[in-house]
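**Q** Would you mind keeping the following structure in view while I ask a few things?
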Amino acid sequence: MAMAAKTPASRHFRLWLGLSLVLLAAMFYIHLRTGFNHLSDEVLWQVLLGRGTEAQNLTVFDFRMVRSVLAVLIGSGLAMAGSIFQTISRNELASPSLLGVNAGAGLLVMLLIDQKSLDASLGFWEIPVAAVLGGTMAALAIYGLAYKKGRTLSPYTLVLTGISLTAGIHALQMLLVVRLDPQKFHVVNAWIIGSISGNTWAHVWTLLPVVLVLGLLLWSRSQDLNLLSLTDETAIGLGLPLNRARFLYLMVAVVLAACCVAIGGNIGFVGLICPHIARRLAGADFFRLLPLTAILGALLVLSADWVARVIIAPDEMLLGIVVSLIGAPYFLYILVRTGK
C-alpha cells in the first residue's frame, strides 16, 4: 500500500474525486430541468426552495427527483458491486451479469409475470423480491458448482462456471419470451432492457438503505478487499480466510446488485466500466477506489437517463439501451487492451 500511495493516480485522487462530485451535482441539476414540461432555472430554484405551485412541486419532486435519485442509487450500487466481482474473479471484464445476478433476476421476474393473469396487477414488492431471489440463487448455484471442499476457490473456475450457467439461464429466458402474450412481453421487455421511469419515492426509500449500508460495509472492509486483490498465497499468509472472505463479499455484492436490478431492470455495463475507470484514476486501494467507483456509476446512469429522455424527445429511449451504446465500445477497448 505504501507503493500504491506514490502512484500518480493516488496523488491525484482528491482532484478526481472533487471533479467527479462537481460533474455529478451539475448532471443532477440538468436532469431535474429535463422533462416533457420545460422549467426555467428561475422556476426550478423557486420549486427547490419551497415556493413552487402544487403542479410544479408534483412535477419536480414526485416525478423528476425520484428518477434522479434512483439513477444515482442504482448507478452507484451496480458500480460498487462490479468492483467486488472484478476483485474476487481477478478479471477486469467481470460484472454483476458475469456471475448470473442479472440473468437469474430476469428469469424469476419473467416467471412471475408469466404466472400472473392479465387482470391481476403486480404488487409493489413482487418484482423486487423475485429479482433479488433470482439473482441470489443464480450466484449461489455458480459458487456451489465452482467450490471444491478442501481447496481454495479458483477465480478462473468461478468465471467459467458463471459464463456457462448464465448462458443456460438466457436460453430459458428465450423459451419463456416466445410464450408471453404481447401485453406481458411489453412489461418484461422494458424490465430486461432497463428503465427507471414510473417509480415512486417508495422505491427510493427501499433502495437507499441497501446501497448506503452495504456500500459503507464494503468501504469499512477496504483492507480485506485489498488482500483479496493479492495472490492466494499472499492473502492467506497475511491472515485472510480466503474462501470465507470470497463468499462473504460475493454475497454482499450479489445482494447489492440484485436490489439495484430489481428496481432499475437489467442495466448492463455499469458494473464493468466504472470500476475499471476508477481503478485507473484512483489506484487499487479500495479505501479510495470504492467511493470514486460509486460516484462514477451514479454519473454514468444519471447521464445516460438524461440522454434517453432528450435524444428522441418528446418520446424517450429505455435507459438500458443508452448505457449499452456507451458501454459496448468501452468493453471492446478493455478487451483489446487486456489482450495485448
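Here, each number is a calculation from the coordinates, and none is a lab measurement. These numbers come from a predicted model, not from an experiment.
**Q** Taking semi-axes √(5λ) of the Cα gyration tensor in Å straight from the coordinates, which label in (i) 39, 25, 16; (ii) 40, 20, 18; (iii) 33, 27, 17 is the correct one?
**A** (iii)
**Q** What is segment 7-339's relative contact order, in percent, from Cα pairs under 8 angstrom and six or more apart in sequence? Mind dumping the intermediate values first?
**A** Details: 465 pairs, mean separation 106.6, N = 333.
With pairs under 8 Å counted, the relative contact order is 32 percent.
**Q** Does segment 284-340 classify as rounded, prolate or oblate by the C-alpha gyration tensor (a ≥ b ≥ c root eigenvalues; a/c under 1.5 gives rounded; else a/b over b/c gives prolate, otherwise oblate)?
**A** Values: a/c = 4.82, a/b = 1.49, b/c = 3.23.
It comes out oblate by the Cα gyration axes.
**Q** Which value at 222 nm does the chain reach when only helices count, each DSSP H run of 4 or more adding -39,500 (n - 2.57), with the total divided by all residues and rounded to the nearest 500 deg cm²/dmol?
**A** Details: 16 runs with 248 residues, N = 340.
Estimated from H runs of four or more residues: -24000 deg cm²/dmol.
**Q** Helix by helix through the chain, keep the DSSP H runs that span 27 Å or more along the axis on Cα and average at least -1.0 on Kyte-Doolittle, and give those back in order.
**A** Values: long enough: 13-33 (30 Å, 1.47); 65-89 (36 Å, 1.46); 126-146 (30 Å, 1.58); 155-177 (32 Å, 1.41); 201-220 (28 Å, 1.79); 242-264 (32 Å, 1.78); 286-310 (36 Å, 1.58); 319-339 (30 Å, 1.64).
For the chain, where a helix must reach 27 Å along its axis and average at least -1.0, the hits are 13-33, 65-89, 126-146, 155-177, 201-220, 242-264, 286-310, 319-339.
**Q** Based on the alpha-carbon gyration tensor of segment 238-340 and its eigenvalue square roots a ≥ b ≥ c, which shape applies: rounded if a/c is under 1.5, prolate if not and a/b is larger than b/c, or oblate? Working shown, then result.
**A** Values: a/c = 2.26, a/b = 1.63, b/c = 1.39.
Prolate, since a/c reaches 1.5 and a/b exceeds b/c.
**Q** With a ≥ b ≥ c the root eigenvalues of the C-alpha gyration tensor of segment 171-259, is it rounded (a/c under 1.5), prolate (a/b larger than b/c) or oblate?
**A** On the way: a/c = 4.74, a/b = 1.91, b/c = 2.48.
Oblate.
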